[in-house]
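The structure appears right after this line, and notes come after that.
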Amino acid sequence: MLHTIVSYVRLFLPIFYAIGAWKFGDWRHWKKYYPTILFIISVDFFISIIMYRYPLWTFRKSFFNPNHTIFDFIVAFTFFAPIVLIFLSRYPYKSMWYKQVLYISAWVIFEVFIEAMIFSAKLITYHNGWNFWWSSVVWVFLFFGIRLHHTRPLWAWLVCFVCTAFLIIYFHIPITKFR
């Protein structure tokens, strides 16, 4: 039952994000957010390439998801792009630091909840030492990275490469086997 419900949730999430971006995104200034959208999509693809032969997580096949690579493209373009647009459009830039942390935390909690539903329905599996808690940490870094890239893109790239190096070393990703 849960598997069926969450399968439909996974289908409707892109629609949900698109409606959210349409309603809450700052479309007049979309060019201001475009570099950060490309940053997140690039990071997602970069990680996918690194993990191609040594996956830390995979998405389960379904009617709407024929394979992991196709679903990764769906995530990149229909989840991350609207998330960045909404997140940065509503970000409390001029608020006290603790309000900014609360804003980021709310987004992290929401995305972790979505992943928990997908994981509990067995639509995503973790491998090679990865687990739900590592994914939760990634969501934290993702939202801080979005914010950092929007104002200091070179620092965001530096943090991204350091985090990627950590993942390669910690999870023993065999980069010597790349083609």
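Since every read-out is calculated from the coordinates, none of them should be taken as a lab result. Treat the numbers as computed from the prediction; the structure is a model and nothing was measured. In this analysis, Cβ positions are derived from the backbone assuming ideal geometry, glycine residues included, and neighbour counts consider all displayed protein chains.
Cα-Cα pairs above 18 Å in the range 72-121: how many percent?
Tail of the P(r) past 18 Å holds 42 percent of the pairs.
Give me, ordered by chain and number, the residues 5 or more places off W57 or on other chains with an amide H under 5 Å from its own placed amide H.
H127
Just in the range 52-85: which chymotrypsin sites (Phe, Trp or Tyr not before Pro) are loop by DSSP and have at most 11 other Cβ atoms within 10 Å? It would help to have the intermediate numbers written out before the result.
On the way: sites: Y52, W57, F59, F63, F64, F71, F73, F77, F79, F80; in loops: Y52, F63, F64.
Counting only loop positions with at most 11 other Cβ atoms within 10 Å, the chymotrypsin sites (Phe, Trp or Tyr not before Pro) in the range 52-85 are F63.
Per 0.36 nm of contour for each residue apart, how much would the distance between C163 and M96 grow if the chain were fully extended, relative to their Cα-Cα spacing? Walk me through the numbers before you get to the answer.
Values: separation 67, 0.36 × 67 = 24.12 nm, distance 2.71 nm.
The span from C163 to M96 would gain 21.4 nm if fully extended.
Taking 7 Å along the Cα-to-C-beta vector as the label spot, tell me the R53-N128 distance in nanometres, rounded to one decimal.
My value for the distance between the label points is 1.0 nm.
Once whole DSSP H runs in the chain are found, which of them have Cα atoms spread over 27 Å or more along the helix axis and a mean Kyte-Doolittle score of at least 0.0?
2-24, 30-50, 97-120, 132-151
Among (i) 17.7; (ii) 10.9; (iii) 12.2, which one is mean projected area of the Cα convex hull in nm² computed from these coordinates?
Derived directly from the coordinates: (ii).
Quick check for me: using +1 on Lys/Arg Cβ and -1 on Asp/Glu Cβ, what's the dipole size of the range 2-177 about its Cα centre, in debye to the nearest 20?
280 debye
What residues have an amide H closer than 5 Å to that of D26, excluding those fewer than 5 places away on the same chain, when H is modeled at 1.01 Å from N in the peptide plane?
Result for D26 returns S89.
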